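Since the structure comes first, as structure tokens, the remarks are kept for the end.
The values are calculated or read from the model by the stated rules, or taken from the named source; none is laboratory data. This is a predicted model, so every value here is computed, not measured. Cβ placement follows ideal geometry from the backbone for every residue including glycine, while neighbour counts extend to all protein chains displayed. Protein only, heavy atoms only, side chains kept; ligands, DNA and RNA dropped before computing areas. Shrake-Rupley method; radii C 1.70, N 1.55, O 1.52, S 1.80 Å.
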Amino acid sequence: MDTLELIRTFREVALRGSFSMAAKTLDVSKANVSKYVAALEARLGTRLLNRTTRTVSLTDAGSLLLKRSTPLLEIVDLTRDELKHRSRLPSGRLRLTAPVGLGNTELPDLLADFIRRYPDVHISLDLSNRQIDMVDEGIDLALRIGRITDSNLIVRKLRSIDMLVCASPAYWQQRGTPLHPDDLAEHDALTYALVGPPEWRFTVDGALYLVPVQSRMDATDSAPLVHMALQDMGVVNMPRMLIQKHLDSGALQPVLEGFQSNDLWLYAAYTQRRHNSAALKALLTFMEERWRV
């Protein structure tokens, strides 16, 4: 038995002045109550109770333990009740991480709606494109675009990612509009920073089709690439959600839409299947409802 439970048993004996009454309250045998108090005295290396055939009284050490253990057990009980509450009702802090680009999509609106529904939940959002160790950094949920290879993570599909090849109308007018993915070999690509030569994914005749491109500039985030494309400097291939406003305004014009691959997804990743907080479960359900696949 752990020390806290031994202390609880000792307190019942001390407060009731009787091993028998303590046993009745705790619904255990009198022999077990005696054994538990003796075990606590052995762990602490001191006698806590004076015992006679008729009475039980506190030693000085027992009086000190009874006094000092009161606020300790109050904190333990309060914390236990709060944790049980959090396991049932969404509350407390949730730490999320997501790529920087998602900060400029509907994600903030989704989180705002979630917080309105669950006002006792606090969201901490870390926008970063670096690889994050979720356990070491205390992250509850990671949003990622593309495959997640860490076998230690639990992964859920949230929504399909619609990729688009785009450039400014002025760029297409100057360089010509590609009609087939192979035509991109004649264009300046603005690419995400990757290890190895950049390749863009398409579907041709129902099969995956990889096209090497010539990168004029690469970056770890979409924002500078989009800015360069708006300045007529090249072609980008990125999720529609990151460039929707530029498509709506006509500042960027998509091409090759009939060749786009549909095998890219936005995923949610977390570290445990069991004992997740009610807040995390609620957020996963909320995202799945909003971004139903």
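Got a sec? Which helices (runs of 4 or more DSSP H) wholly within segment 1-106 have at least 2 residues that are in contact with a helix residue (DSSP H, G or I) (Cβ under 7 Å, 6 or more places away or on another chain) and closer than 29 Å to Asp140 by Cα?
60-88
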Segment 214-237, subset at pLDDT below 95 and more than 9 Å from Leu190 (Cβ to Cβ), residue most open to solvent (accessible area, probe 1.4 Å): Gln214
Those residues of segment 142-193 which are farther than 20 Å from Gln260 by Cα, without any contact (Cβ under 8 Å) to a residue 60 or more places away in the chain and not hydrophobic (A, V, I, L, M, F, W, C) amount to Thr149, Ser151, Gln173, Gln174, Arg175
Look at segment 176-191 and say how many of its residues are surrounded by fewer than 17 Cβ atoms within 10 Å (Cβ to Cβ), within 20 Å of Gln231 (Cβ to Cβ) and of a type outside the set (Val, Ile, Thr). 2
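Go through Asp232, Asp248 for me and flag whichever is over 17 Å from Asp162 (Cα atoms) and not basic (Lys, Arg). Before you say what the answer is, go through the steps one by one.
Numbers: Asp248 fails: over 17 Å from Asp162 (Cα atoms).
Within the list Asp232, Asp248, the selection yields Asp232.
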Can you pull out the residues in segment 128-175 that are open to solvent by 30 Å² or more (accessible area, probe 1.4 Å), among the small types (Gly, Ala, Ser) and either in a strand (DSSP E or B) or out of contact with any strand residue (DSSP E or B) (no Cβ under 9 Å at 6 or more places or on another chain) (or both)? Ser151, Ser160, Ala170
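Residue-wise test of (1) out of contact with any Gly (no Cβ under 6 Å at 6 or more places or on another chain); (2) open to solvent by less than 90 Å² (accessible area, probe 1.4 Å); (3) at pLDDT below 85.
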position: Lys35; (1), (2), (3): yes, no, no
position: Leu40; (1), (2), (3): yes, yes, no
position: Asn50; (1), (2), (3): yes, yes, no
position: Ser87; (1), (2), (3): yes, yes, yes
position: Leu94; (1), (2), (3): yes, yes, no
position: Pro99; (1), (2), (3): yes, yes, no
Please go through segment 260-279 and give me each residue that is buried (at least 18 other Cβ atoms within 10 Å of the Cβ) and within 15 Å of Asp162 (Cα to Cα), ordered by number. Gln260, Trp265, Leu266, Tyr267
Taking segment 18-28, which residues are within 18 Å of Arg54 (Cα to Cα) and either open to solvent by 50 Å² or more (accessible area, probe 1.4 Å) or touching a residue at least 40 places away in the same chain (Cβ under 8 Å) (or both)? Ser20, Met21, Lys24
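With respect to Ser63, determine if the residue is under 48 Å from the mean Cα position of the chain (by Cα) and surrounded by fewer than 16 Cβ atoms within 10 Å (Cβ to Cβ).
Working: under 48 Å from the mean Cα position of the chain (by Cα): yes; surrounded by fewer than 16 Cβ atoms within 10 Å (Cβ to Cβ): yes.
Criteria met by Ser63.
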